[in-house]
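Participant: Shown below is the structure under consideration.
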Ligand SMILES: Cc1cc2nc3c(=O)[nH]c(=O)nc-3n(C[C@H](O)[C@H](O)[C@H](O)COP(=O)(O)OP(=O)(O)OC[C@H]3O[C@@H](n4cnc5c(N)ncnc54)[C@H](O)[C@@H]3O)c2cc1C
């Protein structure tokens, strides 16, 4: 098979890119069956994302966002950040920021289903299920991919959207710097006694970070980043004991909790690819960068990659070869600064709030209070998050 672009990986970012690169023929390769099984209508899945208004606009323009049932979406109207002295509080408010919401909370399954449904309406798009890519050969005018079943695929450009472990990145000979955080994120959903008021709440606990994100009705999604052993212990707790721990850690902010579904854990690491382009190759999403989930920015950065690469391709002149390194470097340049800035902010916050040093402890809580009183700095932080 011969296409303009082979998209390796059918996660959120690969699918969004395949939809956005409108006027070129694409093949999307996934090792899994396609499309995935539909979401369970009753319960919310434990994989939840906070999507920035900027990316909601991008997904809306792709006619993806409209396909998510309203009942599965939750607007975030305010955000509260607590320091580890129990007092420091930084509040972001959509109304004061002049936007209708700070973010939208959506579950993985609902977003994936909407992306699949939008792709079904895209012309010149081949979906290759059970297609694991096993070898890459880059030639002068094309890249050739060998699939597990022996099939060959030829493309002018190969987009690696195959996640943090990106086999494609390795095949292209691109190094990645991987630094484990020594933490895992425990995710779980809860029903809450008191209304959450569409507020996203976060507690920095001198290393661990607890976030409670609003879901439709009186439900919450938890992301609790903890040292691996502590995360393992949480997973072993009986549902009631887990609820009491989360209630205590959140100071009873939303009253009594009851667990919905089973908790899961994800090991956390920071990853930076040394390059995001090579001849006939471009990396997008987690294949290019992985950040700590404390600011809910991983998929958001990936969608921005997808948008930037699709925009570059849409603006190409007839003389441009879409796989030429010179051309692809424009994508690399466009993404370098925003990705670095987000990585520094997220890693900086993690370091500042993870330090056991008493002086740093006082400084960070003072910092939160001060930031709350300095509208310019606060607005800057907020703009970064809104995207
Ligand atoms: C606890 C937690 C909470 C998070 N919360 C947020 C949040 O609120 N907001 C946010 O923006 N981000 C969040 N993130 C980050 C977000 O989950 C990731 O950044 C995002 O899922 C990355 O998407 P992706 O499509 O790049 O990669 P992936 O989702 O990893 O998808 C990669 C795809 O490639 C496929 N693949 C792998 N190997 C091959 C191969 N050889 N051939 C073909 N296909 C292959 C895989 O099967 C997979 O489908 C969170 C992360 C964690 C851990």
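The values are calculated or read from the model by the stated rules, or taken from the named source; none is laboratory data. Computed from a prediction, not measured in an experiment: that's the story for all the values here. Neighbour counts run over all protein chains shown; Cβ positions are idealised from the backbone, glycine included.
Participant: Within the group 265, 278, 256, 288, which residue is at pLDDT 95 or above, buried (at least 22 other Cβ atoms within 10 Å of the Cβ) and touching a helix residue (DSSP H, G or I) at 6+ places or on another chain (Cβ under 8 Å)?
Facilitator: 288
Participant: If you scan segment 41-60, which residues turn out to be within 14 Å of the ligand (Cβ to nearest atom), surrounded by fewer than 19 Cβ atoms within 10 Å (Cβ to Cβ) and farther than 17 Å from residue 200 by Cα?
Facilitator: Matches in segment 41-60: 45, 54.
Participant: If you don't mind, another one. Of the numbered conditions (1) over 27 Å from residue 181 (Cα atoms); (2) within 15 Å of the ligand (Cβ to nearest atom); (3) touching a strand residue (DSSP E or B) at 6+ places or on another chain (Cβ under 6 Å), residue 290 satisfies every one except a single condition; which is it?
Facilitator: (1)
Participant: Separate question: When you scan segment 117-135, how many residues do you find that are in contact (Cβ under 8 Å) with a residue 40 or more places away in the chain, within 29 Å of residue 174 (Cβ to Cβ) and either touching a strand residue (DSSP E or B) at 6+ places or on another chain (Cβ under 6 Å) or surrounded by 20 or more Cβ atoms within 10 Å (Cβ to Cβ) (or both)?
Facilitator: Residues in segment 117-135 being in contact (Cβ under 8 Å) with a residue 40 or more places away in the chain, within 29 Å of residue 174 (Cβ to Cβ) and either touching a strand residue (DSSP E or B) at 6+ places or on another chain (Cβ under 6 Å) or surrounded by 20 or more Cβ atoms within 10 Å (Cβ to Cβ) (or both): 7 in total.
Participant: Turning to a different aspect of this structure: Which condition does residue 242 not pass, out of (1) touching a helix residue (DSSP H, G or I) at 6+ places or on another chain (Cβ under 8 Å); (2) in contact (Cβ under 8 Å) with a residue 60 or more places away in the chain; (3) farther than 19 Å from residue 14 by Cα, if it passes all the others?
Facilitator: Against the list (1) touching a helix residue (DSSP H, G or I) at 6+ places or on another chain (Cβ under 8 Å); (2) in contact (Cβ under 8 Å) with a residue 60 or more places away in the chain; (3) farther than 19 Å from residue 14 by Cα, residue 242 comes up short only on (2).
Participant: Determine whether segment 278-286 contains at least one residue that is near the ligand (Cβ under 8 Å from one of its atoms) and either touching a strand residue (DSSP E or B) at 6+ places or on another chain (Cβ under 7 Å) or farther than 17 Å from residue 181 by Cβ (or both).
Facilitator: Yes - at least one qualifying residue is present in segment 278-286.
Participant: Pick from 298, 252, 302: which is free of Cβ contacts under 8 Å to residues at least 24 places away in the same chain and within 22 Å of residue 175 (Cα to Cα)?
Facilitator: 298
Participant: Specify the residue that is surrounded by the most Cβ atoms within 10 Å (Cβ to Cβ); the eligible residues are those in segment 197-218 that are without any contact (Cβ under 8 Å) to a residue 60 or more places away in the chain and out of contact with any helix residue (DSSP H, G or I) (no Cβ under 6 Å at 6 or more places or on another chain).
Facilitator: The extreme case among them is 212.
Participant: So if I check each of 301, 235, 309, which one is surrounded by fewer than 17 Cβ atoms within 10 Å (Cβ to Cβ), assigned to a helix (DSSP H, G or I), within 15 Å of the ligand (Cβ to nearest atom) and at pLDDT 95 or above?
Facilitator: One residue alone meets the criteria, 235.
Participant: Can you find a residue that is within 15 Å of the ligand (Cβ to nearest atom), out of contact with any helix residue (DSSP H, G or I) (no Cβ under 8 Å at 6 or more places or on another chain) and at pLDDT 95 or above anywhere in segment 17-27?
Facilitator: Checked against the condition, which is being within 15 Å of the ligand (Cβ to nearest atom), out of contact with any helix residue (DSSP H, G or I) (no Cβ under 8 Å at 6 or more places or on another chain) and at pLDDT 95 or above, segment 17-27 yields at least one hit.
Participant: Here is a further query. Please count how many residues of segment 168-196 are within 11 Å of the ligand (Cβ to nearest atom) and either in contact with a strand residue (DSSP E or B) (Cβ under 7 Å, 6 or more places away or on another chain) or farther than 20 Å from residue 8 by Cβ (or both).
Facilitator: First pass over segment 168-196, keeping only residues within 11 Å of the ligand (Cβ to nearest atom): 168-171, 181, 183-188.
Filter once more, keeping what is either in contact with a strand residue (DSSP E or B) (Cβ under 7 Å, 6 or more places away or on another chain) or farther than 20 Å from residue 8 by Cβ (or both): 168-169, 171, 181, 183-188.
So the answer is 10.
Participant: Mind checking whether some residue in segment 363-371 is at pLDDT 60 or above and not in a helix (DSSP H, G or I)?
Facilitator: Checking segment 363-371: not a single residue is at pLDDT 60 or above and not in a helix (DSSP H, G or I).
Participant: Evaluate the following for residue 149: is it within 15 Å of the ligand (Cβ to nearest atom) and at pLDDT below 95?
Facilitator: yes
Participant: Run residue 120 past the list (1) farther than 13 Å from residue 14 by Cβ; (2) within 16 Å of the ligand (Cβ to nearest atom) and report the number of the one that doesn't hold.
Facilitator: It is condition (2) that residue 120 fails.
Participant: If you don't mind, another one. Considering segment 58-92 alone, what residues qualify as being out of contact with any helix residue (DSSP H, G or I) (no Cβ under 6 Å at 6 or more places or on another chain) and outside any strand (DSSP E or B)?
Facilitator: Answer for segment 58-92, where residues must be out of contact with any helix residue (DSSP H, G or I) (no Cβ under 6 Å at 6 or more places or on another chain) and outside any strand (DSSP E or B): 60, 61, 66, 69, 70, 71, 73, 84, 86, 87.
Participant: In segment 312-334, what residues are in contact (Cβ under 8 Å) with a residue 40 or more places away in the chain and either closer than 16 Å to residue 21 by Cβ or in a loop (DSSP other than H, G, I, E, B) (or both)?
Facilitator: 313, 314, 321, 322, 323, 324, 328, 331
Participant: Take residues that are within 20 Å of the chain's Cα centre (by Cα) and tell me which of the strands (runs of 3 or more DSSP E) falling wholly in segment 107-214 contain 3 or more.
Facilitator: Because the criterion is at least 3 residues that are within 20 Å of the chain's Cα centre (by Cα), the strands (runs of 3 or more DSSP E) in segment 107-214 that meet it are 176-192, 199-204.
Participant: All but one of (1) more than 26 Å from residue 168 (Cα to Cα); (2) in a loop (DSSP other than H, G, I, E, B); (3) in contact (Cβ under 8 Å) with a residue 12 or more places away in the chain hold for residue 95; state the number of the condition that does not hold.
Facilitator: Among (1) more than 26 Å from residue 168 (Cα to Cα); (2) in a loop (DSSP other than H, G, I, E, B); (3) in contact (Cβ under 8 Å) with a residue 12 or more places away in the chain, the lone unmet condition for residue 95 is (2).
Participant: Any residue in segment 61-86 that is at positive phi and surrounded by fewer than 21 Cβ atoms within 10 Å (Cβ to Cβ) sitting within a Cβ distance under 8 Å of a residue that is at pLDDT below 95 and part of a loop (DSSP other than H, G, I, E, B)? List the pairs, counting only those 6 or more apart or interchain.
Facilitator: Listed by first residue and then by second, the contacts come to 63/121; 86/251.
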